[in-house]
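Structure first, then comments.
The values are calculated or read from the model by the stated rules, or taken from the named source; none is laboratory data. Note that the structure is a prediction, hence the values are computed from the model and not measured. Cβ placement follows ideal geometry from the backbone for every residue including glycine, while neighbour counts extend to all protein chains displayed.
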Amino acid sequence: MDTVRLDTVVKDSFPTTPTLFIDFAGIRDTFRRFQAAFPGAAIDYAMKANANPTILSTVVGLGGGIEIASEPELNRALTAGAAGDAIICSHPIKQPPFLRRMHEVGVYAVTVDSIEEVEKVARYAPGMRVYVRLAVDNTGSVLPLAGKFGVDVATALSLLDRARDLGLQPIGTSFHVGSQCLNVQNWVNAIKACGEVWRTAAMRGHHLYFLDIGGGFPAGHYHDAAIPTIEAIGEAVMDAIAAHIPHTPDLLLALEPGRGLVGESGRLLTTVMGRALRGEQTWLYLDVGVFNGLMETFEGFPPVVELVADGTLERPMRTYTLAGPSCDSCDVVARNVELPEIHIGDRLVFYDTGAYTNEYAAAFNGFPIPEIVMLNLEANAFEQAVEELDLTALTA
Ligand SMILES: Cc1ncc(COP(=O)(O)O)c(C=O)c1O
């Protein structure tokens, strides 16, 4: 296959940015890694990470399920070909019309974490399967989710009882260890807590079989070897299940990867619109920022960014502040970033941007959200060129 210089191709083929390249061949590979690391598990993609229809149908085609949070997400999952019973809802707060619709299309199960929600589910989705969300340790996650949702072991047990009293089918427990979880022990401790619930629930006559270990699987291994891999988490989780979950022949293990499935598949291409010296710091103004694609950097997610170099210039390294295009002073993507000397018009690429990029984005101030380009890296020279960019980064 001919090789093509990435800088030439991206400038010629994509004169406008921001552009978000999604490598769905990579998503397929990652999905298979989840399947191998968690044998027999239901892999229910948390579509909030990236609701692109091609990604959804790819997941469905590979036998995956979908985790949803709202009626529009339900409709998109169904349109992508997901069967009702391949869909779960792990959002603890649901509106009545959404509950009615999930009941109507046969969504497999929904989560609860309050008496009020148990009563709401019983009223609008009578007889539905429910699982209780536990509050678990989020220490060591880049974006902790603790505090807003989840209950302790004792409350979980009373919710299971109440659900049964109201004619619902209590089937198990779920949790979320926090997004981009770098601490494998969080899963182990959470599974231990589930075991406590399951044992006492059995004594109260419940039959629990659904163990949903949520999302939190991190992305970014290529650039940071300290980030735990899917395989390392799989090993720890399977051992923890053997150690702490009472033996259940019909155990159904479920995962809800969002970022872990699609994060590494995305590369966000952006153009430098401006440059200025402010005090000691050189600022670069990009055509993508906190509002129109890089919201997660505002939440403290450290970006991995590189120059798409043309290879003809020897460029000294410099330190920059990277800012988005809008007028808002909070639109700052990263500080103290080391990059080669950058000029207006240069292209930068942000890695691992397949999750929570366009889903969070709004065209504030009129700056457009990234255009999505789906890639299948075997397909043609352009795709090969993007692959080369990746390899350059890997070997740098
Ligand atoms: C209930 C639930 N499941 C799964 C996820 C996906 O998390 P992640 O992208 O960290 O895998 C989230 C994210 O907020 C969530 O709230």
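If we scan region 238-252, do we find a residue that is under 22 Å from Asn138 (Cβ atoms) and either within 16 Å of the ligand (Cβ to nearest atom) or in a loop (DSSP other than H, G, I, E, B) (or both)?
The answer is yes, given that some residue of region 238-252 is under 22 Å from Asn138 (Cβ atoms) and either within 16 Å of the ligand (Cβ to nearest atom) or in a loop (DSSP other than H, G, I, E, B) (or both).
Scanning region 253-275 for residues being at pLDDT below 95 and within 16 Å of the ligand (Cβ to nearest atom) gives a total of 3.
Need the failing condition index for Tyr360 against (1) at pLDDT 95 or above; (2) surrounded by 21 or more Cβ atoms within 10 Å (Cβ to Cβ); (3) not hydrophobic (A, V, I, L, M, F, W, C), just the number. The number of the failed condition is (2).
Name the pairs: first residue in region 140-161 and in the same structural domain as Trp187 (by TED's automatic domain parsing), second residue surrounded by fewer than 16 Cβ atoms within 10 Å (Cβ to Cβ) and modelled with pLDDT of 95 or more, Cβ to Cβ under 6 Å, at least 6 apart or on different chains? Matching pairs, first to second residue: Leu157/Thr200. Out of the residues in region 253-290 meeting the condition of being surrounded by 24 or more Cβ atoms within 10 Å (Cβ to Cβ) and in a loop (DSSP other than H, G, I, E, B), tell me which one is nearest to the chain's Cα centre (by Cα). So, considering only residues that are surrounded by 24 or more Cβ atoms within 10 Å (Cβ to Cβ) and in a loop (DSSP other than H, G, I, E, B), the one nearest to the chain's Cα centre (by Cα) is Gly258. Inside region 219-263, residues that are touching a Lys or Arg at 6+ places or on another chain (Cβ under 6 Å) and farther than 21 Å from Arg133 by Cα make up a count of 2.
Taking region 162-206 on its own, how many of its residues are of a type in the set (A, V, I, L, M, F, W, C) and under 21 Å from the mean Cα position of the chain (by Cα)? So the count comes out to 9. If you check Gly215 against the conditions, is it buried (at least 18 other Cβ atoms within 10 Å of the Cβ) and within 13 Å of the ligand (Cβ to nearest atom)? Yes, satisfied.
Here Ile55 meets the list (1) surrounded by fewer than 19 Cβ atoms within 10 Å (Cβ to Cβ); (2) within 20 Å of Glu264 (Cβ to Cβ); (3) β-branched (Val, Ile, Thr) almost entirely, failing just condition (1). The residues in region 126-177 that are under 20 Å from Leu253 (Cβ atoms) and among the polar types (S, T, N, Q) can be counted, and the count is 3. Note on region 162-187: among residues that are aliphatic (A, V, I, L, M) and either outside the structural domain of Arg199 (by TED's automatic domain parsing) or within 16 Å of the ligand (Cβ to nearest atom) (or both), the one that is nearest to Ala232 (Cα to Cα) is Val184.
Checked against (1) closer than 25 Å to Ala232 by Cα; (2) in a helix (DSSP H, G or I), Arg76 passes all but condition (1). Can you find a residue that is in the same structural domain as Gln169 (by TED's automatic domain parsing), among the polar types (S, T, N, Q), within 16 Å of the ligand (Cβ to nearest atom) and touching a residue at least 12 places away in the same chain (Cβ under 8 Å) anywhere in region 71-85? So far as region 71-85 goes, no, none of its residues is in the same structural domain as Gln169 (by TED's automatic domain parsing), among the polar types (S, T, N, Q), within 16 Å of the ligand (Cβ to nearest atom) and touching a residue at least 12 places away in the same chain (Cβ under 8 Å). Scan region 13-57 for residues that are part of a strand (DSSP E or B) and at pLDDT below 95 and jot them down. Within region 13-57, Thr19, Leu20, Phe21, Ile22, Asp23 qualify. Inside region 33-60, residues that are more than 15 Å from the ligand (Cβ to nearest atom) and of a type in the set (A, V, I, L, M, F, W, C) make up a count of 2.
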